[in-house]
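Undergrad: Here it is, the structure, as structure tokens.
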Amino acid sequence: MGTVIEVEDLRYTYMENTPLAHQALAGVQLSVEEGECVAIIGHTGSGKSTLIQHFNGLLRPQQGRVRVDGQDLSDPGLDLKGLRRKVGLVFQNPEDQLFEKWVGDDVAFGPLKMGLPLKEVRDRVRWAMEMAGLSFEAMKDRPTYALSGGQKRKVALAGVLALRPKVLVLDEPTAGLDPRSRKELLGRIEGFNRREKMTVIFVSHNMEEVACLADRIFVMAAGQIVAQGTPREIFGNREVLLQHRIGAPETVEILYRIQGLGYPVDVGAYELDSAAAEIVSILRPQGVKSHGPGI
Amino acid sequence: MAREFELTRNITVGQYLPTGSFVHRLDPRIKLLACGILILAIAFCNSYGGNLIVLAFSCLLFRLSRIPLRYGLSGVKPAIPFIVILAVLQLLFYGDIASGGRVYLEYGLIVITSDSLRLVIVSALRFIEIIFVSSVLTLSTSTTQLTHGMESLLKPLGYLKFPVHEFSLIMTIALRFVPTFAMEMEKMIKAQASRGAEFGTGSWWQIFRRTKEMLPIIVPLFRVAMERAEDLILAMEARCYTPGGTRSRFRTYQTTFRDGLTLLFILCFSLLLWMYPFPY
Ligand SMILES: Nc1ncnc2c1ncn2[C@@H]1O[C@H](COP(=O)(O)OP(=O)(O)OP(=O)(O)O)[C@@H](O)[C@H]1O
Ligand SMILES: [Mg+2]
């Protein structure tokens, strides 16, 4: 396993050299290992979307270095097409980007642009649609304009998956979905990472999904990575949470409250099951003996 | 290279730089009028001396409105090809018409005289001055102010059944959405590039191919535009907008002494430019 994405002191200013210049990235350091699932969190305007657009060469580094799979993105002779196949980027609200009349055609756009033989294109479309949770037979001939928002998002996801990327980058993939679709999509993303061995990088404002999906978390603020670590390290550290005003998953919030009442719980137990186990442990008589009033 | 997708920076229409200067605070109607008068004066000014004075004056305007001159220059940049082509054509073919002064070169049809040379230089200068002056106007006046000013100035046309209000509403909406669609388009280009689209790969004469490459952007952009329009209609109707109804304004413009003085000054300046026999 090696490092797939390596960012060193990356800086980026929108509308450089105009009075409206705005520095969106101010020296970002980060590296992502192959096969990892990492989350990028941070307040709105902290530069998350700007950062991830560097991963597939939509933005080129103005200062600093970005290396993707060993390729330096500052290299003028960079094979951009190859890079964009390797790193699939799904934008925020991707349902706007569908343009073909039929679902199947839209998913096939990427593979066709790669110049693959038709048979292979078809296989890829089938695979990508099934991966995204769309039945190939039932959906391929449906018109794209007559889909629900959630279905459109799946089609857009399939369109990127059809490139068979090594790294999948998702910008707020679950924003605006209903709880069930959200859960389903999260399960699928987990599948891409665990079963298909894709490296997954996702941006999210939802701490529950960050907690349950990510191996590692990067916290961004004002164009910099201000904290990084496993969910346990981030959510279990009250100082970090307060300092950067990161919301924590509800499980963690509850554990902090219980801790505040004087019970000995492990606040880093952010997963639903382990949080429940923590709570159960203090409900047991031996937990009650030394702490607080009996229940 | 790094700016492959940064479309927004190239859009100067509707770009407003609020610096809060004296020029920014002027009544938009007065600004529009003054700008019109000044441009007219520039159009009639064909001496070197006069044009140099106007050039200096327009630089002063940038100073006064606290806008970097760079902004004006970036407006001139896209016009350079036109200026050059115009200059070459004038230089080559205007010798017969502007035949006064000394003859520098005579070769077949091509005659270059000191008058035609003057025409070339003065036209180029005038072009630049007009861009400067109108840049100051648009950079120092928000689009809302501009359209309101325009509406006020056009009001007399209402007596001739010209739909002044609707016209200005259309203008406001159109200008308001230029940056929005530029953003939208930038996002769309990036999204499609992320899934393998390429743009501008054919040579310029392969129009069909190049157009086809743009389809993944044009189609969704059209849909987005339609959706935006529908949302806008809903929002306007939800706030009880009725076409043709009498409406009051949130912002009313008061012409002050300062505005009057500015207009008077511009008027005198323009008259001077027009009337004064500059020696060069
Ligand atoms: N095209 C652009 N032109 C100018 N400034 C921009 C542009 N895109 C983003 N910015 C600015 O750069 C900063 C970072 O934007 P970015 O989109 O990366 O934030 P973000 O962390 O993704 O926020 P969100 O959570 O709202 O998506 C913001 O302050 C934003 O205003
Ligand atoms: Mg974003």
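The values are calculated or read from the model by the stated rules, or taken from the named source; none is laboratory data. Treat the numbers as computed from the prediction; the structure is a model and nothing was measured. When we count neighbours, we look across all protein chains shown, and the Cβ atoms used for this are built from the backbone with ideal geometry, even at glycine.
Undergrad: Please work out if residue A:154 is within 17 Å of the chain's Cα centre (by Cα), more than 16 Å from ligand 1 (Cβ to nearest atom), outside any loop (DSSP other than H, G, I, E, B) and charged (D, E, K, R).
TA: So residue A:154 passes the test.
Undergrad: Also, I was wondering about something else. So, in region B:10-28, exactly how many residues are crowded, with 20+ Cβ neighbours inside 10 Å and assigned to a helix (DSSP H, G or I)?
TA: Going through region B:10-28 one residue at a time, the tally reaches 3.
Undergrad: Within 28 Å of residue B:131 (Cβ to Cβ), of a type in the set (Val, Ile, Thr) and exposed (fewer than 12 other Cβ atoms within 10 Å of the Cβ) - does that describe any residue in region B:86-97?
TA: Looking through region B:86-97, at least one residue is within 28 Å of residue B:131 (Cβ to Cβ), of a type in the set (Val, Ile, Thr) and exposed (fewer than 12 other Cβ atoms within 10 Å of the Cβ).
Undergrad: Conditions first: (1) more than 12 Å from chain A (Cβ to nearest Cβ); (2) in contact with a helix residue (DSSP H, G or I) (Cβ under 9 Å, 6 or more places away or on another chain). Residue B:225 passes all but one, so which condition is the exception?
TA: Of everything listed in (1) more than 12 Å from chain A (Cβ to nearest Cβ); (2) in contact with a helix residue (DSSP H, G or I) (Cβ under 9 Å, 6 or more places away or on another chain), residue B:225 misses just condition (1).
Undergrad: Checking residue A:91 against (1) at the interface with chain B (Cβ under 9 Å from one of its Cβ atoms); (2) more than 13 Å from ligand 1 (Cβ to nearest atom), which test does it fail?
TA: (2)
Undergrad: Out of all the residues in region A:49-64, which are within 11 Å of chain B (Cβ to nearest Cβ), not aliphatic (A, V, I, L, M) and not in a loop (DSSP other than H, G, I, E, B)?
TA: Residues satisfying the conditions are A:49, A:63.
Undergrad: Inspect all residues belonging to region B:196-203 and state whether any of them is assigned to a helix (DSSP H, G or I) and aliphatic (A, V, I, L, M).
TA: No: region B:196-203 contains no residue that is assigned to a helix (DSSP H, G or I) and aliphatic (A, V, I, L, M).
Undergrad: Here are some residues: B:42, B:110, B:53, B:67. Which one is of a type in the set (Val, Ile, Thr) and within 14 Å of another protein chain (Cβ to nearest Cβ)?
TA: Exactly one residue qualifies, and that residue is B:67.
Undergrad: Is there a residue being part of a loop (DSSP other than H, G, I, E, B), away from ligand 2 (no atom under 15 Å from the Cβ), within 21 Å of residue A:168 (Cβ to Cβ) and within 12 Å of chain B (Cβ to nearest Cβ) anywhere in region A:65-76?
TA: yes
Undergrad: Considering only region A:211-224, I want to know if a residue exists there that is within 16 Å of ligand 2 (Cβ to nearest atom) and in a loop (DSSP other than H, G, I, E, B).
TA: For region A:211-224, residues within 16 Å of ligand 2 (Cβ to nearest atom) and in a loop (DSSP other than H, G, I, E, B): present.
Undergrad: Kindly state which helices (runs of 4 or more DSSP H) lie completely within region A:248-295 and contain at least 3 residues that are at pLDDT 80 or above and exposed (fewer than 13 other Cβ atoms within 10 Å of the Cβ).
TA: In region A:248-295, the matching helices (runs of 4 or more DSSP H) lie at A:272-283.
Undergrad: In region A:19-28, is there at least one residue being closer than 20 Å to residue A:217 by Cβ, within 16 Å of ligand 2 (Cβ to nearest atom) and more than 14 Å from chain B (Cβ to nearest Cβ)?
TA: Yes, that holds for at least one residue.
Undergrad: Give the residue, chosen from A:46, A:31, that is within 10 Å of ligand 1 (Cβ to nearest atom), away from chain B (no Cβ under 14 Å) and either farther than 30 Å from residue A:148 by Cβ or not in a strand (DSSP E or B) (or both).
TA: Answer to the check: A:46.
Undergrad: I would also like to ask the following. Just for region A:167-181: of the residues that are surrounded by 18 or more Cβ atoms within 10 Å (Cβ to Cβ) and away from ligand 2 (no atom under 16 Å from the Cβ), which one is nearest to residue A:203 (Cα to Cα)?
TA: A:168
Undergrad: How many residues does region A:22-56 hold that are under 25 Å from residue A:190 (Cα atoms) and of a type in the set (Gly, Ala, Ser)?
TA: Count: 6.
Undergrad: Can you tell me which of (1) within 16 Å of ligand 1 (Cβ to nearest atom); (2) over 19 Å from residue A:33 (Cα atoms); (3) at pLDDT 90 or above is the one residue A:219 doesn't meet?
TA: Condition not satisfied by residue A:219: (2).
Undergrad: Give region A:77-103 a look and list any residue that's in a loop (DSSP other than H, G, I, E, B) and aromatic (Phe, Trp, Tyr), or say none.
TA: Within region A:77-103, A:91, A:99 meet the criteria.
Undergrad: Answer yes or no as to whether residue A:170 is touching a residue at least 12 places away in the same chain (Cβ under 8 Å), within 16 Å of ligand 1 (Cβ to nearest atom) and within 14 Å of another protein chain (Cβ to nearest Cβ).
TA: yes
Undergrad: Return the total of residues in region B:244-280 being among the β-branched types (Val, Ile, Thr) and in a helix (DSSP H, G or I).
TA: Going through region B:244-280 one residue at a time, the tally reaches 2.
Undergrad: Right, here's the next one. Out of (1) within 17 Å of the chain's Cα centre (by Cα); (2) of a type in the set (Val, Ile, Thr); (3) within 13 Å of ligand 1 (Cβ to nearest atom), the odd one out for residue A:4 is which?
TA: Of (1) within 17 Å of the chain's Cα centre (by Cα); (2) of a type in the set (Val, Ile, Thr); (3) within 13 Å of ligand 1 (Cβ to nearest atom), only one is false for residue A:4: (3).
Undergrad: Quick check: is even one residue across region A:229-246 polar (S, T, N, Q) and either under 13 Å from the mean Cα position of the chain (by Cα) or within 16 Å of ligand 1 (Cβ to nearest atom) (or both)?
TA: Checked region A:229-246: no residue is polar (S, T, N, Q) and either under 13 Å from the mean Cα position of the chain (by Cα) or within 16 Å of ligand 1 (Cβ to nearest atom) (or both).
Undergrad: Could you identify the single residue in B:65, B:47 that is farther than 17 Å from residue B:136 by Cα and polar (S, T, N, Q)?
TA: B:47
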